[in-house]
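Okay, structure first, notes after.
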Amino acid sequence: MLQTAQTVEDIARTAAPAHRSAAVGLLRGLRRGAVALLAGMSLMAAVQARETPEKPAAPAAIPTIAVADLPREGRKTLDLIKKGGPFPYNKDGTTFHNRERLLPRQPRGYYSEYTVRTPFSRDRGARRIVAGKGSTGDPATSGEYYYTADHYRSFARIKE
């Protein structure tokens, strides 16, 4: 393509004045065509990628943690969840969206998050318990609880 464009430029320079404008027009047309071809190929690749999305990976097997192995603050939070509150943080009981997709996929609103107090932390810290609604539809009685000590980077299913 570049070689053709250089040849057309050479022709345009050496061509008689009557043919020079035709050669310049041809050169411009070739360049526009190349740009249009590249743009079209990029668009086709984008459309193809959109039509064949990658399937999200299934969550890996989730390890378990015994209630006795939770930090003391985690056991307190779990007790509060089972009693239905009251919870010390405004965000406790709000929807956990599972954006990380580390927990089993469920409909939006299925999971709720609760803060596990972190000693000496000035904010809520990184520790949480995420509760599913289970077959009862209520996090307090579902028995489906997950603990994270690293702000949703990993989870362990709480085994009672």
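None of the figures in this text is laboratory data; all of them are computed from the coordinates on show. Since the model is a prediction, treat every value here as computed from it, not as a measurement. Here the Cβ positions follow ideal geometry from the backbone for every residue, glycine too, while neighbour counts run over all protein chains shown.
What distance in nm separates the two pseudo spin-label positions at H97 and A126, each 7 Å out from Cα along the beta-carbon direction?
That separation, rounded to one decimal, is 2.2 nm.
Taking the radius of gyration and the Kirkwood hydrodynamic radius from Cα positions alone, what is the Rg/Rh ratio for the range 100-160, to two decimal places?
Details: Rg = 12.0 Å, Rh = 12.2 Å.
That ratio is 0.98, to two decimals.
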